[in-house]
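Just so you know, all these numbers are worked out from the coordinates, no wet-lab data involved. Quantities reported herein were computed from a predicted structural model and do not represent experimental measurements. Don't worry about glycine lacking a Cβ; one is built from the backbone with ideal geometry, like all the others, and counts go over all protein chains shown.
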Amino acid sequence: MIRVDILSKRYGRVPVLGPVHFRIAPGETVALLGPSGIGKSTILRILAGIDTDFEGCVSRPEHMAIVFQEPTLLPWRSALRNLTLANAGLSEAAAREALARVGLKGRGEAFPGQLSLGQQRRLALARAFAGRPELLIMDEPFVSLDAKTAETMIALTETLIAETRPATLFVTHARAEAERLADRILELRGEPATLSPHLVQTEGYD
């Protein structure tokens, strides 16, 4: 069980987050909703261990993967090497299979700059799922995509989550995406922001 117990988070003297408490069960997908700037990505960074300057505690597995808003690929490495470098022990054959699963079969030797934005996003997904993480964190991975590409990416993400079943925290401001992908939706509100359960399946987690 992943546990997030944030008492407060400040930037300087400015309080950003008030008490924020939630759990994510193994195999569960939780969406975190809220307007831009309210603190969604801050919670993501705290859960990931990137931001440790907060009051409270977080319990998470060591084996996790993050999909950011931008693909954050290594531009000087091939698509294949982006996968194997990020996932220790992943064989070349398994990496090529992971690329094929996201529609990048035969593109293993291509560099990120030779891929379209949609293909780069596919590569970022392949990198995240290839190691079969226990915890997956996604920070608005479909932002800035056109409607057709976004639909393709959402469908692909649905399939990959169903196959690998990580505990997932999905950060978005788009309610339709949250309702489609998540088992449970939580919403940030107020200043400093606090968390309110929004949809079903909250009992026993908070």
Quick shape check on the range 125-175: root eigenvalues a ≥ b ≥ c of the Cα gyration tensor, a/c under 1.5 is rounded, otherwise prolate if a/b tops b/c, else oblate, and it reads prolate
Phi-derived 3J(HN,Hα) across the range 169-180 with the Karplus relation (6.51, -1.76, 1.60, θ = phi - 60°), rounded Hz, x for Gly and Pro, is 10, 10, 9, 7, 10, 9, 4, 4, 5, 4, 5, 6
So, with points 7 Å from each Cα along the Cβ direction, the H173-Y11 label distance in nm works out to 1.4
Labelled set (1) -0.45, -0.54; (2) -0.57, -0.66; (3) -0.51, -0.61; log10 I(q)/I(0) by the Debye sum over Cα atoms at q = 0.11, 0.12 Å⁻¹ computed from this model equals the value at (3)
Restricted to the chain, the DSSP antiparallel beta bridge percent, nearest 5, is 50
So, over other residues within a Cβ distance under 11 Å of K40, counting Lys, Arg +1 and Asp, Glu -1, the net charge is -2
Taking trypsin sites (Lys or Arg not before Pro) in a DSSP loop with at most 11 other Cβ atoms within 10 angstrom as exposed, one finds the longest site-free stretch of the chain at 106-206
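If you keep only loop residues by DSSP, which GluC sites (Glu not before Pro) in the range 98-206 have at most 10 other Cβ atoms within 10 Å of their Cβ?
E109, E203
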With x for Gly and Pro, the residue-by-residue ³J(HN,Hα) of the range 63-73, computed from phi through the Karplus equation 6.51 cos²θ - 1.76 cosθ + 1.60 at θ = phi - 60° and given in whole Hz, is 8, 9, 9, 10, 10, 8, 4, 9, x, 6, 8
The aspartates and glutamates whose Cα lies under 16 Å from the Cα of K105, excluding any fewer than 8 residues away in the same chain, are E92, E97
Relative contact order as a percentage, the chain, C-alpha pairs under 8 Å and 6+ apart, gives 32
For K9, the aspartates and glutamates lying under 15 Å Cα to Cα, once residues fewer than eight places off in the same chain are dropped, come out as D51, D53, E55, E191
Applied in sequence order to the range 18-31, the curve 6.51 cos²θ - 1.76 cosθ + 1.60 (Karplus, θ = phi - 60°) yields integer Hz couplings, x standing for Gly and Pro, of x, x, 9, 10, 7, 10, 10, 7, x, x, 8, 10, 10, 9
Full extension between R165 and E92 adds, at 0.36 nm per residue less the Cα distance, a length in nm of 24.0 nm
